[in-house]
Amino acid sequence: MTDTPQPKTPGWTIEKLHADHAQALRETIVHYDSQTDHQRLRVFENPTFGRILTLDDVVQVTERDNFIYHEMLTHVPILAHGAARRVLIIGGGDGGMAKEVLKHDSVSHVTMVEIDAGVVDFSKAYLLGISDGAFDDPRLDLQIADGAIFMRDTTDRFDVIIVDSTDPAGPGEVLFTEGFYGHAARALTEDGIIVTQNGVPFLQGDELTGTMRAFQALFSDASCYLATVPTYAGGPMAFGWGTNGTARHADLSTLQARFEASSIATDYYTPAIHQAAFALPPYISRLIP
């Protein structure tokens, strides 16, 4: 990363993640624009979404709607499990995922593996509201390393694994492979749960199908659940779900009791939304082999 990145003249960021679909976000202030060892990292202000972090011009997180993504990738598996103590986050350099996991007093240890130190440093400087002190929590073990290599080599076991990856291109591509998922399955405890970011099925159906095919070979319960995050264009986002336990079938009263016991304040997650998120429309269920 360059030592003193210079802000650029504000204009528009055009995200071209999809081959035939793009979205434009107006910039009122560009706070940061620099190339790290792995990717181009920018942060700018938008009137609707507040501060926005992009990697290679693809939106990763915004101040205004990040709570939906982070709450659904953390509270769903942790409250479904019911006794999660050790959690692994692959990616998550902005600290938002760690913040939500660490809201659970029952979680005693969180390992977070982020490939790009520049994203962490940047987030500490420009997106403090998203991490909200998570990087200072003594339960957090932050490791700057390749998540795929960490997963291959670790001998630790985790109750919940959260794969907070970028889309399957560049540094994030390896996190969507059968080999990675196989190593993750080995790193789970007996009733452990893995959840993954699987893009917007309306525009990225192959991404979900590939993950589900791998999960069906590894887990007795392989599915996905949904949440709509306004920044991610194209409809609801899918989150992959894999486990050899029965956590997905926890009833509403059990989830409600666990949620109330946690005393966690949320802006999106509720036990009822938790259950409803697994109800898939036909165009998405048909993507699951």
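Details
- Assigned charges on the beta-carbon of Lys, Arg, Asp, Glu; the chain dipole about Cα centre (debye): 460 debye
- Rounded to the nearest 500, the 222 nm mean residue ellipticity of the chain from helices alone is -8500 deg cm²/dmol, with -39,500 (n - 2.57) taken per DSSP H run of at least 4 residues.
- Anisotropy class of region 18-109 from Cα gyration tensor, a/c 1.5 cut: prolate
- For A250, neighbours were defined as the other residues whose beta-carbon sits under 15 Å from its Cβ, and their charges (Lys and Arg +1, Asp and Glu -1) total -3.
- Length released on extending from R152 to D251, taking residue separation times 0.36 nm less the Cα-Cα span: 32.2 nm
- Choice from L55, L140, L252 showing the highest fluctuation, given a GNM over the chain with Cα pairs closer than 10 Å: L252
- Of all the options D141, D105, D65, the one that moves most in a Gaussian network model of the chain with Cα springs shorter than 10 angstrom is D105.
- Additional length obtainable on full extension of the chain from A272 to S106, 0.36 nm per residue less Cα span: 57.6 nm
- Net charge, S220 excluded, C-beta distance under 13 Å - Lys, Arg +1, Asp, Glu -1: -2
- Top of I29, I52, I162 by mean-square fluctuation, Gaussian network on the chain, Cα under 10 Å: I29
- Three-way shape call for region 12-62 based on the alpha-carbon gyration tensor, with the a/c threshold at 1.5: oblate
- Distant-in-sequence amide contacts of I89, defined by a placed amide H-H separation under 5 Å and a gap of 5 or more residues or a different chain, comprise T111, M112, V113, I162.
- For region 277-289, 3J(HN,Hα) per residue [Karplus equation, 6.51 cos²θ - 1.76 cosθ + 1.60, θ = phi - 60°, Hz, x = Gly/Pro]: 4, 7, 7, 9, x, x, 5, 8, 4, 5, 7, 8, x
- Cα shape, region 151-289, gyration tensor, a/c 1.5 rule: oblate
- Peptide ranges 34-40, 243-249 listed from the most packed, as the mean C-beta count within 10 angstrom indicates: 243-249, 34-40
- Our note on the geometry: Cα centres of region 198-247 and region 54-76, 16 Å apart.
- Coupling constants for region 46-61 follow from the phi torsions by the Karplus curve (6.51 cos²θ - 1.76 cosθ + 1.60, θ = phi - 60°), and in residue order they are 10, x, 8, 9, x, 6, 10, 9, 10, 10, 6, 6, 10, 4, 9, 7 Hz; glycine and proline get x.
- Cβ-based net charge around A265, under 13 Å, with every Lys or Arg adding one and every Asp or Glu removing one: -3
- Taking label positions 7 Å along the Cα-Cβ direction at both A125 and L203, the computed distance is 2.9 nm, reported to one decimal.
- Across the chain, Cα-Cα pairs farther apart than 29 Å form 29% of the total.
All of the numbers you see were taken from the coordinates with simple rules; none came from a lab. Because the structure is predicted, anything quoted here is derived from the model rather than measured. Note that each Cβ is placed from the backbone with ideal geometry, even for glycine, and that neighbours are counted across all protein chains shown.
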